[in-house]
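A short worksheet on the structure shown next.
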Amino acid sequence: ILRYAINLVCSMGADGGHSPVRTCPVHSVPLVREPGRGRGNLFLDLAAHMPDEARLAKLAEIGKQRRVSELQSYLEARLEGRPGPEWLDGQLIDLASRASEMLGACIAFGPNANLPNLSQADWDLAGEVGYEFTRRGPEGVREGLEAVQSKTPCSKIQAGPQGVFGVLYEWIQFKKNRKPIGPFREVFREHILETMPIGAGTILFGEPVVQRRRHSVVSLSQKFGVHPRTVQNALMVADLLPADYDAKRDFGAIDVARSEDLLRRMRRSVPISEVPKYLGCKRPQVAQLIEAGMLKPIAGCRDGRRSIAQGVDANDLDSFVNRLRSFGQPISEPSEGVLGIANAAEALKVPAVKIVELLLQRQLTGVELLDEELRYQSVLVDVAEVGEKLGCRTGSPGKSISDVARKLGLSANSVDFLLRTPPDGMEPVLTICGQTRHMGQMRDLVSPASVDRFKLDYQKITDVATRMATTVPEARRKLKSRGILPVWEPKTAGVELYRTSEF
């Protein structure tokens, strides 16, 4: 009577399934359906509808051995008042049975199984398979749905939920009666929205989808008007697609927020090759900024793909310039000792990105700002302050020994001699004003003012000869005859110098 009651309660169950009790637990044989022979009340006179004992004995003898399914055991125990899996116990018994069998049928026989043609043995297997997932609640149901998805043969063109889930989807989406589906419906609906590209407004299981949760390459391409191949490359570079992505099986499990943000940034993309012009700086400086992470390509670092996703978002570039110009004194003409970032970096022999770091961290005080249309070049810094902050320059701004040597037409050794050796007990004619770091060492800087004074106060013998319009030996003889001798011993100084004031 108990098993008959289960079959009666669940007889309106899964399409084609009829009822979940299909095995005799006493004889371990499949139950056989035969029409009743009497018209008596079913519950008052069951014997009137049963075959005779001889017929029953024969059926028991010829029946194949089969164990009772876990689903049948659960349903029998439930009607006896024993607790089972919490999620199944929380719903009507026929809904729990139907959901288990329908899920199991699609897992065991495929999403496009012909349900009316399934035998009772097939439905018994379906219930057994489905119960293994439904007994574990929503998490188990989602695993079962993933199992159905993994077996679907459809391509991306057919990859809507109907193409993927087949009769399982049709059972709920196109139901013609008002019989409830139960909690399985919500779990199934959420799974579709979380794993497939369902657009807002789509009617799914009788309700409109409020907001899209997943995209496919195709849906992104259509929404933003970007070629699918470009979208695919960008998503892969941004790690939004798996490395083994197969375009023929694109079911659309791409995160909406991240992918749409990526596509919007792509539409604002400035190609890497055009970033220097956009910012108003040179290519090496852009390379430094990207390497330091201050500018970031839209879809990450290059990986060999040529794509607009390798550009930089114009909004990011504007934001970068605004941050550089976020403090400082607007001016029309630069002050003494103040240079643009690139020129200051060249003067200090440091990467420009080091100066940018100081600016972004607001560690500089002597910042001046030209017209904002100059963008990167509009920001000027105090070279001496930057050098001190970076530990690459001390004292006052000056010229390197090699620069002074070129300007005066002397050797570096002669300049070094003039810095160390004063004439006749006086102060050295060239003076050190500070130091700068070069090739890992601190090197002296020469005061520009002392260089200018030296050019006025001293001349080489070659300059004197030119002034006298004669040869060097003749000029030397004439000077000696007038008692004018070199200020330093030429062999020691490396140059023959005379005081201009003595001519």
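A short reminder: the numbers here are calculations on the coordinates, not readings from a lab. If you're wondering where the values come from, they're calculated on a predicted model, not measured in any experiment. Note that each Cβ is placed from the backbone with ideal geometry, even for glycine, and that neighbours are counted across all protein chains shown.
Given R₀ = 60 Å, FRET efficiency for Asn114-Ser319 by Cβ-Cβ distance, to 0.05? For R0 = 60 Å, the calculated efficiency reads 0.50.
The HN-Hα couplings worked out from phi for the stretch 461-466 by the Karplus form 6.51 cos²θ - 1.76 cosθ + 1.60 (θ = phi - 60°) are 4, 5, 5, 5, 4, 5 Hz, whole numbers, x standing for Gly and Pro.
Give the distance, in whole Å, between the Cα centre of the stretch 462-503 and the Cα centre of the stretch 363-393. That distance is 45 Å. Once the chain from Ala287 to Leu485 is taken as fully extended at 0.36 nm per residue, the excess over their C-alpha distance is 65.6 nm. Mind checking the log10 I(q)/I(0) for the stretch 341-392 at q = 0.15, 0.16, 0.27, 0.28 Å⁻¹? Debye, one equal scatterer per Cα, no solvent, two decimals. Cα-only, vacuum Debye calculation for the stretch 341-392: -0.34, -0.39, -1.11, -1.18.
Based on the Kirkwood approach, the hydrodynamic radius assigned to the stretch 310-366 is 12.8 Å, with every pair of different Cα atoms included. Residues whose amide H falls under 5 Å from that of His438, counting only those 5 or more places apart or on a different chain, are Arg443, with hydrogens built in the peptide plane. Shape of the stretch 214-267 from its Cα gyration tensor (a ≥ b ≥ c, root eigenvalues): rounded if a/c is under 1.5, otherwise prolate when a/b > b/c, or oblate? Judged from the Cα gyration tensor, the stretch 214-267 comes out rounded (a/c under 1.5). For Ile254, the residues whose modelled amide H falls within less than 5 Å of its own, excluding neighbours fewer than 5 places apart on the same chain, are His215.
Among His191, His227, His215, His438, the ranking by other beta carbons within 10 Å of each residue's beta carbon, starting with the fewest, stands as His227, His438, His191, His215. Note on Lys407 and Met439: their simple-model spin labels are 2.2 nm apart, each label 7 Å out from Cα toward Cβ. Could you point to the label whose value was computed as Kirkwood radius over Cα pairs in Å for the structure here, given (1) 23.0; (2) 27.7; (3) 31.6? Evaluating Kirkwood radius over Cα pairs in Å on these atoms matches (3). Amide H contacts under 5 Å for Tyr458: Thr500, restricted to partners 5 or more places along the chain or on a different chain, H placed in the peptide plane at 1.01 Å from N. Taking 1.306 mPa s as the viscosity and 10 °C as the temperature, the Stokes-Einstein diffusion coefficient of the stretch 433-503 based on its alpha-carbon Kirkwood radius rounds to 114 µm²/s.
Applying Stokes-Einstein at 25 °C and 0.890 mPa s to the Kirkwood radius of the stretch 270-391, computed over alpha-carbon pairs, gives a translational diffusion coefficient of 166 µm² s⁻¹.
Within 10 Å of each residue's Cβ, count the other Cβ atoms and sort Phe205, Phe184, Phe454 from fewest upward.
Fewest-to-most Cβ neighbours within 10 Å comes out as Phe205, Phe454, Phe184.
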